[in-house]
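Contents: one structure, followed by commentary.
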Amino acid sequence: METIHIQTESKKYNVFVGEGVRNEIGTFLTNHFQDLTRILIITDETVAKLHLEKLLLSLKPWEPIIYTGPSGEKTKTFEVYYDSLSTALENRLDRKSVILSFGGGAVGDLSGFVASSYMRGIHFIQVPTTILAHDSAVGGKVAINHPLGKNMIGAFYQPEAVFYDLEFITTLPDQEIRSGFAEVIKHALIFDPTFYEWLRNNVDDLNLLTLDQLSNSLIKGIKIKNEFVSQDERETGIRAYLNLGHTLGHAIESEMGYGNFTHGEAVMIGMIFALKLSKELLDLSFHLEEFIEWVEQLGYKTKIPDHLSFEKLLAKMKQDKKSVGDSIRFVLLEELGMPKLQKISETKLLEELKSF
């Protein structure tokens with residue numbers, strides 16, 4: 001088991017990574033919380049079917065309350081958020097209760113937002129089950145979606161701990177593996193050129209990743225994320241660099257309809273667009289064609305879906321959380337490992353989208 005120490009301005013906590021770490025949750029609950037009253041597990045239909053019984057075995061003798069929402073981004077709606085709060089109220093959760101988020105990034109976002117707003121904030125623990133959640137479960141960003149923008153209603157609210165059991169990710173479908181690994185590639189691009197070269201030289205088929213390779217990649221990604229979160233918990237500065245590819249990626253997700261295009265696959269298209277802009281605007285020295293060839297070999301789509309309107313994508317990008325007033329700010333790279341926030345005019349962006 002690997003233990004990664006996360007340090008933010010508001011809280012210190014640990015991320016535990018390894019096979020079977022779910023079996024440590026019971027001991028953590030006993031040692032960390034005095035007079036624990038109730039546990040609410042928030043999960044989704046897919047994860048509940050595959051893994052809930054294993055988690056419940058590790059939580060004996062507690063008998064948690066279970067709320068099961070729809071899978072994927074469909075769980076990040078006002079309706080599901082309201083239902084989750086209703087479950088907490090009906091089962092009399094109090095300020096000595098704990099919420100366990102059990103699922104991928106969407107479940108983690110929902111659960112954290114429920115925890116942050118229920119009784120003005122109760123404790124929660126992340127138990128991620130996807131590769132994507134190595135990014136979303138760490139750092140305290142919690143939210144639900146709005147039809148006009150992804151993650152626009154939420155909070156910064158840190159968990160008490162993250163238990164990342166690698167046994168849970170062995171059942172992921174190919175699409176979810178690609179979605180999660182896009183964030184691993186992002187972490188390498190914005191912080192660690194050596195790690196990027198290792199990925200390029202060692203990863204040519206995501207379905208043939210060994211558990212050691214995957215574990216090392218996820219641990220590396222979590223540590224890189226901590227480098228930014230520890231210095232800028234509430235994204236007033238450098239934490240925004242973690243959004244490489246997300247400005248266009250979120251717009252694609254929204255226009256495609258949440259849940260119809262995975263987060264990581266949309267972000268990959270956004271990263272390619274940002275890398276192209278970086279070469280043109282910041283003179284980035286980077287073999288973009290080789291990068292595109294590599295990620296296509298890994299199974300990623302690299303172009304904006306044909307039926308999407310560039311004007312509508314631009315309108316969605318203007319609603320991005322990094323935008324200030326009418327200016328659109330993109331995370332670009334001056335060189336590998338050196339990100340920069342760059343304002344780009346709407347005219348230039350529309351021109352680049354059409355040529356992309």
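The values are calculated or read from the model by the stated rules, or taken from the named source; none is laboratory data. Quick caveat, the model's predicted, so the values are computed rather than measured. All Cβ positions, glycine included, derive from the backbone under ideal geometry; neighbour counts span all protein chains shown.
Here the range 85-122 is the region considered, the condition is being among the polar types (S, T, N, Q) and over 15 Å from N145 (Cα atoms), and the residue that is surrounded by the fewest Cβ atoms within 10 Å (Cβ to Cβ) is S86. Counting only helices (runs of 4 or more DSSP H) that sit wholly inside the range 163-247, those with at least 3 residues that are under 30 Å from K343 (Cα atoms) and of a type in the set (D, E, K, R) are 174-191, 211-229.
Could you tell me which residue of the range 2-45 is surrounded by the fewest Cβ atoms within 10 Å (Cβ to Cβ), considering only residues that are among the aliphatic types (A, V, I, L, M) and part of a strand (DSSP E or B)? Of everything passing the filter in the range 2-45, I4 is surrounded by the fewest Cβ atoms within 10 Å (Cβ to Cβ). Every listed requirement among (1) at negative phi; (2) under 18 Å from the mean Cα position of the chain (by Cα) is met by K96 save one, (2).
When A133, A188 are checked against the criterion of being surrounded by 15 or more Cβ atoms within 10 Å (Cβ to Cβ) and in contact with a Phe, Trp or Tyr (Cβ under 6 Å, 6 or more places away or on another chain), a single residue qualifies: A188.
Of all the numbered requirements in (1) buried (at least 17 other Cβ atoms within 10 Å of the Cβ); (2) closer than 30 Å to L208 by Cα; (3) within 19 Å of the chain's Cα centre (by Cα), V295 misses one, and that requirement is (3). When the range 61-120 is limited to residues that are acidic (D, E) and not in a loop (DSSP other than H, G, I, E, B), the one that is farthest from F156 (Cα to Cα) turns out to be E90. One residue stands out among those in the range 51-60 that are outside any loop (DSSP other than H, G, I, E, B) and surrounded by 14 or more Cβ atoms within 10 Å (Cβ to Cβ): the one that is modelled with the lowest pLDDT, which is S58. One residue stands out among those in the range 158-174 that are buried (at least 19 other Cβ atoms within 10 Å of the Cβ) and of a type outside the set (A, V, I, L, M): the one that is farthest from Q7 (Cα to Cα), which is F168. Please determine whether any residue of the range 332-346 is surrounded by 13 or more Cβ atoms within 10 Å (Cβ to Cβ) and either farther than 21 Å from I190 by Cα or in contact with a Gly (Cβ under 7 Å, 6 or more places away or on another chain) (or both). Yes, the range 332-346 has at least one match. Residues that are modelled with pLDDT of 95 or more and of a type in the set (D, E) within the range 291-310 comprise E293, E296, listed in sequence order.
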